[in-house]
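The values are calculated or read from the model by the stated rules, or taken from the named source; none is laboratory data. All of these numbers come straight from a predicted model, not from anything done at the bench. Cβ atoms come from the backbone with ideal geometry, glycine included; neighbour counts cover every protein chain shown.
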Amino acid sequence: MISIIVHIANEDPIVCEVDSLPKAQDVLIQIHNPRRRDGLDVHYLDEDVTSVFYPIQRINFIQVLPSTDMSEVVGFVRE
């Protein structure tokens, strides 16, 4: 999953995850676990919603967040 921030026209940005980034020919984007930047629920979605489809034409732009994959984390171990 890729974490992104979706900036929808006339709405607050939504932090969410997608399976893959949209391609040029896509007309819809499916997002998972939509939430506001502060982690609260999106006011116009029901509480139990886990996935939403948005038309690409309503999206101003998408920000791709850095990966938090644990395999990329470098740690230090004392011996």
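Looking across region 49-79, the residues that are charged (D, E, K, R) and either at pLDDT below 90 or surrounded by fewer than 10 Cβ atoms within 10 Å (Cβ to Cβ) (or both) come down to Asp69, Glu72, Arg78, Glu79. Of all residues in region 19-28, at least one satisfies being more than 10 Å from the chain's Cα centre (by Cα) and surrounded by 14 or more Cβ atoms within 10 Å (Cβ to Cβ).
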